[in-house]
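Chemist: Quick one: this structure, given as C-alpha cells, is what I'll be asking you about.
The values are calculated or read from the model by the stated rules, or taken from the named source; none is laboratory data. Just so you know, these numbers come straight off a predicted model, no measurement behind them. Heavy atoms of the whole protein, side chains included, go into the accessibility calculation; ligands, DNA and RNA do not. Shrake-Rupley method; radii C 1.70, N 1.55, O 1.52, S 1.80 Å.
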Amino acid sequence: RDLHSFPTRRSSDLLERYGAALIWADRGGRMQNPPWVTANWLYLRLHEGRGRAGNYGPRVIDRYAAQLASSNQEAYVYFNNDVTGNAVRNARLLIARLSRG
C-alpha cells in the first residue's frame, strides 16, 4: 500500500483541527504510516523490531531519534513489552541518543 494515501489527508486535517496526534506506528523496523505531525506532540509505537525477540537495532533507534529530534515536539514513545527485556534496553538507547543530540 502507498503509505502517503493511508491515512488520508482528510483524516490528517481532522486530527490537526482537534490537536490529536497521528500515531507513528512501527512494525519490523518500518514505519507503517506517514510520519505526519498533526499536533504539538507525537506518539510513537514501536511494536517489534527485526532483531532477536523483536529487538530494535541501533540504526533504527538512531533513525527514530533523528525524526523525533527534528520534529521539535514533545513525544510519547511506547515500546512493546517482551519477555527478554528488549523494550527496556531499546527505550534506554533511544533516551541516550536523544540526550546527546
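Chemist: I want the antiparallel fraction of DSSP beta bridges within the chain, as a percent rounded to 5. Provide the component values of the computation, followed by the final result.
Modeler: Working: 2 of 12 bridges.
Rounded to the nearest five, the antiparallel share is 15 percent.
Chemist: Okay, helix-only estimate at 222 nm for the chain: each DSSP H run of n ≥ 4 adds -39500 (n - 2.57), divide by all residues, round to 500 deg cm²/dmol; what do you get?
Modeler: Details: 3 runs with 39 residues, N = 101.
It comes out at -12000 deg cm²/dmol, rounded to the nearest 500.
Chemist: Compute the angle between helix 58-71 and the longest alpha-carbon principal axis of the chain, please, reported from 0 to 90 degrees and rounded to the nearest 10.
Modeler: 30 degrees
Chemist: Where q = 0.14, 0.18, 0.22, 0.25 Å⁻¹, what log10 of I(q)/I(0) comes from the Debye formula for the chain, counting one point per Cα?
Modeler: Treating every Cα as an identical point scatterer, log10 I(q)/I(0) equals -0.54, -0.85, -1.15, -1.34.
Chemist: Taking the full set of protein chains and a 1.4 angstrom probe, give the accessible area of residue 93 in square angstrom, rounded to the nearest 10.
Modeler: 40 Å²
Chemist: Kindly express, to the nearest 10 degrees and within the range 0 to 90, the angle between helix 9-18's C-alpha long axis and the longest C-alpha principal axis of the chain.
Modeler: Tilt of helix 9-18: around 90 degrees.
Chemist: Within the accessible area of the chain, what % is carbon and sulfur when the probe is 1.4 Å and the other protein chains stay in place?
Modeler: Working: 3380 of 6630 Å².
That share works out to 51 percent.
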